1. If we restrict to alpha carbons, what Rg and Dmax does segment 60-179 come to, in Å?
2. In what order do 98, 261 fall by count of nearby beta-carbon atoms within 10 Å, going from fewest to most?
3. Give me 253, 275 sorted ascending by neighbouring Cβ count inside 10 Å, so fewest comes first.
4. Cα-Cα pairs above 20 Å in segment 156-286: how many percent?
5. Below 8 Å between Cα atoms, with a sequence gap of 6+, how large is the relative contact order for segment 205-265 in percent?
6. Between segment 175-194 and segment 212-255, what is the C-alpha centre distance in whole Å?
7. What length, rounded to one decimal in nm, is gained on full extension from residue 231 through to residue 49, with 0.36 nm per residue of separation minus their alpha-carbon distance?
8. Between the alpha-carbon centers of segment 19-37 and segment 46-125, tell me the distance in whole angstrom.
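Read-outs: derived from the displayed coordinates by stated rules, not from any lab. Here the structure is a predicted model, which means the values were calculated and not measured. Neighbour counts run over all protein chains shown; Cβ positions are idealised from the backbone, glycine included.
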């Protein structure tokens with residue numbers, strides 16, 4: 001593993017690199033925008049066969065934040081990805097996005113199809129918010145505003161107590177991943193690295209640039225891997241899967257049993273196997 005940085009017009013970009021660059025490249029974009037937090041569980045199962053580039057997204061991890069709200073529109077994040085990855089990787093690659101960054105990967109594929117060999121959506125880009133009837137803009141925006149206001153903790157033990165509810169496979173490694181999301185303030189309390197400004201700008205992006213608008217432009221092989229829990233999202237999942245099948249010719253959809261949104265924490269080996277088998281099949285075909 002190498003933890004590397006490059007400098008762009010927008011500031012510093014932090015990323016992680018694993019594997020042999022002669023192998024097919026997968027660019028990873030993760031939940032909370034923090035590459036270490038998002039994908040450390042998947043890496044051991046993929047790095048021998050693939051070249052992995054894991055980015056910290058703008059305003060997350062160790063990557064500089066954008067200064068303007070509209071910079072976080074998915075179309076603009078797509079342009080940022082194009083410029084950044086162009087400095088790191090030669091030639092087209094596979095791109096994987098988890099959670100909100102699946103939408104960024106989706107729009108990147110729409111706007112820069114020549115860069116993409118295949119698209120992997122990891123429990124994102126197909127339900128929130130358009131297929132969840134309760135997710136009006138006001139509801140989502142106020143909810144995330146409240147979450148950011150409350151996400152200050154007196155010590156790491158309280159952080160871990162909350163975050164261990166996100167997975168059925170909590171262990172000391174997850175504590176390391178979660179700790180990377182927080183900074184210790186001068187008063188001794190812990191706050192998220194990502195700012196409320198960045199998070200709320202992203203929430204606006206979901207409503208300004210819906211994922212369904214990108215679907216008709218996706219012409220590359222696409223894989224959706226989704227969770228089975230919570231069950232109250234089953235209707236939204238079914239609706240999103242139908243939209244994908246109607247719009248994308250080469251689409252594969254896989255559900256991972258006993259998993260929640262952090263699929264690759266709950267079932268890292270299963271998730272990695274689905275990804276690897278799909279990639280190997282597509283590489284042989286194309």
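1. According to the Cα coordinates of segment 60-179, Rg and Dmax are 17.0, 47 Å.
2. Ranked by crowding around the Cβ, least crowded first: 261, 98.
3. Placing the least packed residue first, the sequence is 253, 275.
4. 63 percent
5. Contact order relative to length: 46 percent.
6. Computed from Cα coordinates, the inter-centre distance equals 34 Å.
7. 62.1 nm
8. 9 Å
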